[in-house]
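S.K.: This is the structure I want to talk about, given as structure tokens.
The values are calculated or read from the model by the stated rules, or taken from the named source; none is laboratory data. Source: prediction; values computed, not measured. In this analysis, Cβ positions are derived from the backbone assuming ideal geometry, glycine residues included, and neighbour counts consider all displayed protein chains.
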Amino acid sequence: MKTDNAMVNAFVPGAVALTPEEEAMVERRQRLLGPAYRLFYERPVEIVRGEGVWLYDKQGDAYLDVYNNVASVGHCHPHVVSALVRQAGILSTNTRYLHDAVLDYAERLLATFPPALSHIMFTCTGSEANDLAIRIVRAFTGGTGFIVTETAYHGITHAVSQISPSLGANVNLGFDVRTVPAPDSYRSENGDVAGKFRADVEAAIADLQRHGIRPAALIADTIFSSDGVMSEQPGFLQGAVEAIRAAGGLFIADEVQPGFGRTGDRMWGFDRHGVIPDLATLGKPMGNGYPVAGVVMKPEVVAEFGAKARYFNTFGGNTVAVATAMAVLEVIQGEALQENARVVGGYFRQQLEELAKRHEPIGDVRSAGLFLGVEIVSDREKKTADAATTSRIVNALREARVLISATGPRAAVLKVRPPLVFSRANVDYFIERFDRVLSQLS
């Protein structure tokens, strides 16, 4: 039977020796959950507890979590857990009943967006949010064509998987989907990242039109995380957004990964680029692990959809979900975590750049707040991506009890995305172990 283990940083059965207990658990997992799931790391990690920036295994060993933006305000934050438990013990019901909680949260969340974005619809996951955005955009524009970057990830529903090239060659893109290279300041020939991206989007628009397909939207994760964390030169989205709107389409900002203050300077990733999207989709960090997500949009964009189609979601926006999401937002604002992302993220980048002076494999460091990408190369001058060394680093750090992963079209970018409560001391802990791993590999 043919298998596809092309996922970056995937466990490959038989590649390394496991303990009898680990072998039994992997076998049981495959027997019960089937063949489609993937595990991280050459030697998978069994996690039983989380607290703050730490994850713990059965033996009580602590792993520094430098990867999970799901627990955006830290694993099991007491304020969030308390809000979840309290509301679960009072009422859990959907948005077809009147209830202040969903309105209170909507008001507080929308206040963080530009005034033009004044409606929100709730879902359970980022995949659902992007799926709903697709429906709304098609109703508004009458178009079906979508433009995405070459290694984009926007979710796992049937519709959204068709605009997620990072899922691999065995997951077909839609016939009305066109891909463009992600903006790449590291390998730009002339430094005009914005101009090239606009030209690429315009070429994709022309190709859709040539085939009789009306453009509906450009959708982009505004930090381009699956494309290798393309965070440099903020502002490069403006021309591309102008191009899609000139063609009658809309711009969807996928804020699942860069949103909720992660980039430090801004609450939302699109704001770094000086653009206001027509829709913004939210996901993982919104509930700190509880499934809550949504689509924020301009009212005129959803008017046609709302007039013709009812929207209902049993769990999207239910009372427990919005109580949990409200608690997360209270923590982000009350503990100044956006500012923490800016300050600690800046320190993190400085330390990585210092490390690069001593270790040749670090070809590039790019970042926005507490979202960093470290490109690993075999030749700095030629900028030759080195996926094999990247994988060795990720797995060596796992053995040093530090959890990160890799990303990008060449699988050669370390994806560094810790909880927003990360501290300078946590950065030092990571740098010490990263330094040690790089020295051992050299």
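S.K.: Going by what's in this entry, would Ala194 be described as touching a helix residue (DSSP H, G or I) at 6+ places or on another chain (Cβ under 7 Å), buried (at least 24 other Cβ atoms within 10 Å of the Cβ) and in the same structural domain as Ala159 (by TED's automatic domain parsing)?
M.R.: Details: touching a helix residue (DSSP H, G or I) at 6+ places or on another chain (Cβ under 7 Å): yes; buried (at least 24 other Cβ atoms within 10 Å of the Cβ): no; in the same structural domain as Ala159 (by TED's automatic domain parsing): yes.
Taking the combined requirement at face value, the residue does not satisfy it.
S.K.: Hey, another quick one. For Phe122, only one of the following conditions fails: (1) over 19 Å from the mean Cα position of the chain (by Cα); (2) of a type in the set (A, V, I, L, M, F, W, C); (3) in a strand (DSSP E or B). What is its number?
M.R.: All conditions are met except number (1).
S.K.: Additional query: Conditions first: (1) part of a helix (DSSP H, G or I); (2) surrounded by 22 or more Cβ atoms within 10 Å (Cβ to Cβ). Ala159 passes all but one, so which condition is the exception?
M.R.: (2)
S.K.: Could you please give the count of residues in the range 141-177 that are among the charged types (D, E, K, R) and under 21 Å from the mean Cα position of the chain (by Cα)?
M.R.: Counting residues in the range 141-177 that are among the charged types (D, E, K, R) and under 21 Å from the mean Cα position of the chain (by Cα) gives 1.
S.K.: Only one of Val275, Val241 is assigned by TED's automatic domain parsing to the domain that holds Glu202 and either assigned to a helix (DSSP H, G or I) or closer than 22 Å to Ser164 by Cα (or both); which?
M.R.: Checking each option against the conditions leaves just Val241.
S.K.: Report every pair of residues separated by at least 6 positions or lying on different chains whose Cβ atoms are under 7 Å apart, first residue within the range 38-52 and under 20 Å from Leu414 (Cβ atoms), second among the polar types (S, T, N, Q) and buried (at least 16 other Cβ atoms within 10 Å of the Cβ).
M.R.: Sorted first by the residue in the range 38-52, then by its partner, the pairs are Phe40/Asn9; Phe40/Ser405; Tyr41/Asn9; Tyr41/Asn395; Glu42/Asn395.
S.K.: I want to confirm something. Restricting to the range 130-156 and keeping residues that are of a type outside the set (S, T, N, Q) and assigned to a loop (DSSP other than H, G, I, E, B), which single residue is surrounded by the fewest Cβ atoms within 10 Å (Cβ to Cβ)?
M.R.: Gly142
S.K.: Can you tell me which of Ser225, Ser164, Ser185, Ser231 is of a type in the set (S, T, N, Q) and under 30 Å from Ala307 (Cα atoms)?
M.R.: Ser164
S.K.: Which residues, taken from the range 377-417, are more than 16 Å from Leu55 (Cβ to Cβ), buried (at least 17 other Cβ atoms within 10 Å of the Cβ) and of a type in the set (Ser, Thr, Tyr)?
M.R.: If the condition is that a residue be more than 16 Å from Leu55 (Cβ to Cβ), buried (at least 17 other Cβ atoms within 10 Å of the Cβ) and of a type in the set (Ser, Thr, Tyr), then Thr389, Thr390, Ser391, Thr407 are the ones that fit.
S.K.: Looking at (1) surrounded by fewer than 19 Cβ atoms within 10 Å (Cβ to Cβ); (2) in the same structural domain as Glu255 (by TED's automatic domain parsing); (3) not aromatic (Phe, Trp, Tyr), find the lone condition where Glu360 falls short.
M.R.: All conditions pass for Glu360, except number (2).
S.K.: Can you go through Ser82, Ser127 and tell me which one is in the same structural domain as Met267 (by TED's automatic domain parsing), small (Gly, Ala, Ser), surrounded by fewer than 19 Cβ atoms within 10 Å (Cβ to Cβ) and touching a residue at least 40 places away in the same chain (Cβ under 8 Å)?
M.R.: Only one candidate passes the filter, namely Ser82.
S.K.: Tell me which residues, restricted to the range 250-265, are charged (D, E, K, R) and surrounded by fewer than 24 Cβ atoms within 10 Å (Cβ to Cβ). Walk me through how you get there before you give the answer.
M.R.: If we filter the range 250-265 for residues that are charged (D, E, K, R), which is where we start, we get 254-255, 262, 265.
Asp265, the sole residue that qualifies.
S.K.: Then there's this: Let me spell it out: the conditions are (1) touching a strand residue (DSSP E or B) at 6+ places or on another chain (Cβ under 7 Å); (2) farther than 29 Å from Val66 by Cα, and Trp268 meets all of them except one. Which number is the exception?
M.R.: Going through (1) touching a strand residue (DSSP E or B) at 6+ places or on another chain (Cβ under 7 Å); (2) farther than 29 Å from Val66 by Cα one by one, Trp268 breaks only (2).
S.K.: Going by the conditions given, is Ala206 crowded, with 19+ Cβ neighbours inside 10 Å and either modelled with pLDDT of 95 or more or under 18 Å from Thr151 (Cβ atoms) (or both)?
M.R.: Values: crowded, with 19+ Cβ neighbours inside 10 Å: no; either modelled with pLDDT of 95 or more or under 18 Å from Thr151 (Cβ atoms) (or both): yes.
No.
S.K.: What about Gly228, is it at positive phi, in a loop (DSSP other than H, G, I, E, B) and without any contact (Cβ under 8 Å) to a residue 24 or more places away in the chain?
M.R.: no
S.K.: List every residue pair whose Cβ atoms lie under 7 Å apart, where the two residues are 6 or more positions apart in sequence or sit on different chains, the first residue falls within the range 200-221 and is over 10 Å from Val180 (Cα atoms) and in the same structural domain as Thr141 (by TED's automatic domain parsing), and the second residue, located anywhere, is among the hydroxyl-bearing types (Ser, Thr, Tyr) and assigned to a strand (DSSP E or B).
M.R.: Qualifying pairs under 7 Å: Ala220/Thr149.
S.K.: Now a separate question. Here is a check on your reading of the model: is Asp65 under 27 Å from Leu370 (Cβ atoms) and either over 23 Å from the mean Cα position of the chain (by Cα) or in the same structural domain as Gly14 (by TED's automatic domain parsing) (or both)?
M.R.: no
S.K.: Read through the list (1) of a type in the set (Ser, Thr, Tyr); (2) touching a strand residue (DSSP E or B) at 6+ places or on another chain (Cβ under 6 Å); (3) under 18 Å from Glu360 (Cα atoms), then give the number of the only condition that Thr407 fails.
M.R.: Of everything listed in (1) of a type in the set (Ser, Thr, Tyr); (2) touching a strand residue (DSSP E or B) at 6+ places or on another chain (Cβ under 6 Å); (3) under 18 Å from Glu360 (Cα atoms), Thr407 misses just condition (3).
S.K.: What number of residues in the range 8-22 are at pLDDT below 90, at negative phi and either touching a Ser or Thr at 6+ places or on another chain (Cβ under 9 Å) or among the acidic types (Asp, Glu) (or both)?
M.R.: Residues meeting the conditions: 1.
S.K.: Quick check, is Thr263 out of contact with any helix residue (DSSP H, G or I) (no Cβ under 8 Å at 6 or more places or on another chain), in a loop (DSSP other than H, G, I, E, B), outside the structural domain of Leu372 (by TED's automatic domain parsing) and not aliphatic (A, V, I, L, M)? If you could, list the steps in order and put the result at the bottom.
M.R.: Details: out of contact with any helix residue (DSSP H, G or I) (no Cβ under 8 Å at 6 or more places or on another chain): no; in a loop (DSSP other than H, G, I, E, B): yes; outside the structural domain of Leu372 (by TED's automatic domain parsing): yes; not aliphatic (A, V, I, L, M): yes.
In short, no.
S.K.: Let me ask you something else. Enumerate the pairs (first residue in the range 325-347 and closer than 10 Å to Val73 by Cα; second residue anywhere and outside any helix (DSSP H, G or I) and hydroxyl-bearing (Ser, Thr, Tyr)) with beta-carbon separation below 7 Å, excluding pairs fewer than 6 apart on the same chain, so at least 6 apart or on different chains.
M.R.: Val328/Ser72
S.K.: List every residue pair whose Cβ atoms lie under 8 Å apart, where the two residues are 6 or more positions apart in sequence or sit on different chains, the first residue falls within the range 303-319 and is closer than 26 Å to Arg86 by Cβ, and the second residue, located anywhere, is of a type in the set (A, V, I, L, M) and assigned to a helix (DSSP H, G or I).
M.R.: Phe315/Ala321; Gly317/Val102; Thr319/Ala101; Thr319/Val102
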